[in-house]
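K.L.:
This is the structure I have questions about; it appears just below.
The values are calculated or read from the model by the stated rules, or taken from the named source; none is laboratory data. None of the values given here were measured: they were computed from a predicted structure. Positions of Cβ are generated from backbone atoms using ideal geometry, with glycine treated the same way; all protein chains shown enter the neighbour counts.
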């Protein structure tokens, strides 16, 4: 799992909140089972909806740590809200979702972008079932968590206030998590070498290794 703080600036959060405040919310069961979830999501036909999406997607793609972790080929996202009494029970995200212009997107990774500060609502913790046990998460506005879509996760009932977030899914250029980890390790070693030996030809060797593995593994 990847946690990043400050991916969205204060101005970006304010602009998204302004857009969402004027938007029409619909029952969240339009994108999930009513037996599992009770929440609201922004109507995709809402005015300036695409503007809000571009702000979030642009901030993610501008973040080098996000790009190194996810190696995104395609991203889709939506905005949801949990008011008092709302929840999402334990579930795993669907393997395929509608992506750009209706092109199916394979969900390799999922993410949540927090738009509400944790002191503005009570309850509503995001819980992720990891190989090492449950991880309970409640981050600051502007923070992002990214995790494999194969993991069970849920949102605890909100007791007070409202929890607003952008949630989304990523099809990575590298389907296999172990391959993505290898590429992250190579990038980390390359950065370390560049800092320690700025004029070393080893940087070029790392670049060649990285490029050749991408040619061999990437799905584009």
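K.L.:
Tell me, yes or no, whether the range 107-124 has at least one residue that is closer than 30 Å to residue 213 by Cβ, within 18 Å of the chain's Cα centre (by Cα) and surrounded by fewer than 18 Cβ atoms within 10 Å (Cβ to Cβ).
P.N.:
no
K.L.:
Let me ask you something else. For residue 168, are the conditions met, namely being in the same structural domain as residue 29 (by TED's automatic domain parsing), buried (at least 18 other Cβ atoms within 10 Å of the Cβ), out of contact with any strand residue (DSSP E or B) (no Cβ under 6 Å at 6 or more places or on another chain) and under 22 Å from residue 5 (Cβ atoms)?
P.N.:
No; evaluated as a whole, the condition is false for this residue.
K.L.:
Please report, ordered by residue number, the strands (runs of 3 or more DSSP E) entirely within the range 144-220 with at least 2 residues that are touching a residue at least 60 places away in the same chain (Cβ under 8 Å), farther than 23 Å from residue 57 by Cα and out of contact with any helix residue (DSSP H, G or I) (no Cβ under 9 Å at 6 or more places or on another chain).
P.N.:
Once the strands (runs of 3 or more DSSP E) in the range 144-220 are filtered for at least 2 residues that are touching a residue at least 60 places away in the same chain (Cβ under 8 Å), farther than 23 Å from residue 57 by Cα and out of contact with any helix residue (DSSP H, G or I) (no Cβ under 9 Å at 6 or more places or on another chain), what remains is 158-161.
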